[in-house]
Amino acid sequence: MSEAAPKPSSWSMLVDYGPLIVFFAAYKLAGGGLSGALTATIAFMVAVSIAIAVGLFVLKRVPPMVWLSAILILGFGGITLYLRDPRFIQMKPTVIYILLAGMLFIGLARKKALLQWLFGPIFVGLNEQGWLKLSRNWALFFLALAAVNEVMRATLSFDTWLTVKVWGVPIVSLVFAVANMPMLMRHGLDSEHKADAIKETPIE
């Protein structure tokens, strides 16, 4: 019996998180060090390009955050390979966190929740006040992640930084998403979609 085709949600998870897992695996398989970091960067760039293709041709959509992440991965990855300096690919999370926080704060200043544009279908039933509060919370969280990434980049080895990035940041982000659930429920989030809202935690 042949394997069943992956469900669309499985494809979505691959598009969102697959490149980061490939980055981690390629570094470990390449034996670490500078050569491992450069090999992992190449794998990261290829994986995110494949993720975009899967999004376009299988899912028929690519989330805005995936587009933004892909552009930064290809840009900082190219600089990393040209200069043979892994510090540049490590800057990518800082840049994307700052960009996302900036976008959200600009939206808040205009009384618009740009987070709704990014993740609207996920938070079913959430009212305008809930969106604004969620946007504020994520904007502050993204700034905190940017600061933490810079501290880690300056003080940790590439190996340790990558491990924390792949495993630690998603866990912290998930805890943060869960912590927002009571507020979201008070502002109209459909309880049937609560698990989807947690699962689609924005992690870059």
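Read-outs throughout are calculated quantities, based only on the coordinates presented, and are distinct from any laboratory measurement. What you are looking at is a predicted structure, and each value in this text was computed from that prediction instead of being measured. Counting neighbours? That spans all protein chains shown, and the Cβs are built from the backbone with ideal geometry, glycine included.
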Among the listed pairs K133/K165; K28/K60; K28/K92; K92/K133, those beyond 29 Å (Cα-Cα)
K28/K60
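What do you get for Rg/Rh of the chain when both radii come from the Cα atoms and Rh is the Kirkwood radius? Write down the numbers at each step before the final one.
Values: Rg = 17.6 Å, Rh = 17.9 Å.
With Rg and the Kirkwood Rh in hand, the quotient comes to 0.98.
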Which FRET efficiency, nearest 0.05, do T155 and L29 yield, Cβ-Cβ r, R0 25 Å?
0.45
For segment 8-199, whose charge dipole is built from +1 on Lys and Arg Cβ atoms and -1 on Asp and Glu Cβ atoms, the candidate among I106, L145, G55 with its Cα farthest towards the positive end is I106
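Show that you can apply the helix-only estimate: for the chain, add -39,500 (n - 2.57) for every DSSP H stretch of four or more residues, divide by all residues, and state [θ] at 222 nm to the nearest 500.
-25000 deg cm²/dmol
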With +1 on each Lys and Arg Cβ and -1 on each Asp and Glu Cβ, and nothing else charged, work out how big the dipole of the chain is about its Cα centre, in Debye to the nearest 20.
380
